[in-house]
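Structure first, then comments.
The values are calculated or read from the model by the stated rules, or taken from the named source; none is laboratory data. This structure is a prediction, so every number in the text was calculated from the model and none was measured. Here Cβ is always computed from backbone atoms with ideal geometry, including for glycine, and neighbour counts include all displayed protein chains.
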Amino acid sequence: MRTFLHGSYPAHLQDFAPLVLRVVVGVIFALHGYQKLEMGVPGVTGFLAGLGFPMPAVFAVLLIAAELVGGILLILGLFTYWNTRILGIVAVVALLTVHISKGFFVSAGGYEFILLILAATISLMITGPGKWSLDKMMQK
């Protein structure tokens, strides 16, 4: 049996890795979407307009929906193939428009955190939702 000290785990425990990553990243996206929902569409529109987005009202609604609904779907492991691509785009846009100019460290508003979220999203994009997901249940 593989042991904790050797850094490897039984195969049946490896099924939990995508579940843990999916739920944590999903919660983060969902809470960010909820935060924007509480700001209201006008508040998010103003934020996006300040960044120079075209059609900021349209993108405000899309951003709130992508983060809130996308986060919830990620937690459930539902439509993971498409959802991770949409959330990956959200993360890349946030990285390039908000965080990259502020340096690395999150304490200064930098890209440290969003880069980690993007990496986690890409990991889920590649590996899929894992065994413990609604996507897998629907395949059966």
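May I ask you to verify whether residue 103 is of a type in the set (Gly, Ala, Ser) and touching a helix residue (DSSP H, G or I) at 6+ places or on another chain (Cβ under 6 Å)? Talk me through it step by step, then tell me what you get.
Values: of a type in the set (Gly, Ala, Ser): yes; touching a helix residue (DSSP H, G or I) at 6+ places or on another chain (Cβ under 6 Å): no.
When the stated conditions are applied, residue 103 does not pass them.
Spot the failing condition for residue 54; the list is (1) in a helix (DSSP H, G or I); (2) without any contact (Cβ under 8 Å) to a residue 40 or more places away in the chain, and only one is missed.
Here residue 54 meets the rest and fails (1).
Check residue 84 against each of (1) assigned to a helix (DSSP H, G or I); (2) modelled with pLDDT under 95; (3) of a type in the set (Ser, Thr, Tyr) and name the one condition it does not meet.
(2)
Scanning the stretch 83-139 for residues that are more than 24 Å from residue 49 (Cβ to Cβ) and hydroxyl-bearing (Ser, Thr, Tyr), which turns out surrounded by the fewest Cβ atoms within 10 Å (Cβ to Cβ)?
107
Restricting to the stretch 62-113, give me the number of residues that are on the phi > 0 side of the Ramachandran plot and out of contact with any Lys or Arg (no Cβ under 9 Å at 6 or more places or on another chain). Please lay out each step first, then the result.
The first filter runs over the stretch 62-113 and keeps only residues on the phi > 0 side of the Ramachandran plot, leaving 77, 79, 103, 109.
With the extra rule that they be out of contact with any Lys or Arg (no Cβ under 9 Å at 6 or more places or on another chain), the set shrinks to 79, 103.
So the answer is 2.
Please specify each residue of the stretch 124-133 satisfying the condition of being closer than 15 Å to residue 15 by Cβ and either of a type in the set (S, T, N, Q) or assigned to a helix (DSSP H, G or I) (or both). If you could, list the steps in order and put the result at the bottom.
First, pick out the residues of the stretch 124-133 that are closer than 15 Å to residue 15 by Cβ: 124, 127-133.
Across the stretch 124-133, the qualifying residues are 124, 127, 133.
Given 59, 47, 113, 104, which one is of a type outside the set (A, V, I, L, M) and assigned to a loop (DSSP other than H, G, I, E, B)? Break it down stepwise before answering.
Working: 59 fails: assigned to a loop (DSSP other than H, G, I, E, B); 47 fails: assigned to a loop (DSSP other than H, G, I, E, B); 113 fails: assigned to a loop (DSSP other than H, G, I, E, B).
Of the residues listed, the single one that is of a type outside the set (A, V, I, L, M) and assigned to a loop (DSSP other than H, G, I, E, B) is 104.
Yes/no per residue for (1) surrounded by fewer than 13 Cβ atoms within 10 Å (Cβ to Cβ); (2) of a type in the set (Lys, Arg); (3) in contact with a Lys or Arg (Cβ under 7 Å, 6 or more places away or on another chain):
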site: 9; (1), (2), (3): no, no, yes
site: 13; (1), (2), (3): yes, no, no
site: 19; (1), (2), (3): no, no, no
site: 27; (1), (2), (3): no, no, no
site: 46; (1), (2), (3): no, no, no
